[in-house]
Amino acid sequence: TTVDYFRVLSVTGIVRYITFEGHPVPIPEEQINVLRKIVATDADVEVTTETFSPGDKIKVVSGPLLGLEGELVTFKGGKRVMVRLMQTGHQILVNISPGFIELLK
């Protein structure tokens, strides 16, 4: 019900519902346990909602390489991407965070 929906959001530590196509969805216990393990470590975790595929044309939108454009070479598990940058006249392969890039429109 609507009352239950907002009551859950008032619980300390709850930020928002996980949704799929605008509707709240249950998260399997094993996935929750994996997330707990990740949070309990010092892992540098970054989440992005962008989906990238090898060959995508990208632009660096944050970090020291800001403004450079290139091509996505590999997507390494959501934590790092390898990007081919060509502005220097040479191909340079760089591993950066997916949060630092966006798809070129």
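Modelled spin-label separation between ARG7 and ASN33, with each label point placed 7 Å from Cα along the Cα-to-Cβ direction: 2.9 nm. With the simple model of a label 7 Å out from the Cα in the direction of the Cβ, SER97 to LEU66 spans 1.4 nm. Using the Karplus relation 6.51 cos²θ - 1.76 cosθ + 1.60 with θ = phi - 60°, the per-residue 3J(HN,Hα) values for region 19-35 come to 10, 9, 6, x, 10, x, 10, x, 10, x, 4, 5, 5, 4, 5, 4, 4 Hz, with x marking Gly and Pro.
Laboratory data are not the source of any read-out in this text; all were calculated from the coordinates shown. Keep in mind it's a predicted model, so treat the numbers as computed, not measured. Note: ideal-geometry Cβ built from the backbone for every residue, glycine included; neighbour counts use all protein chains shown.
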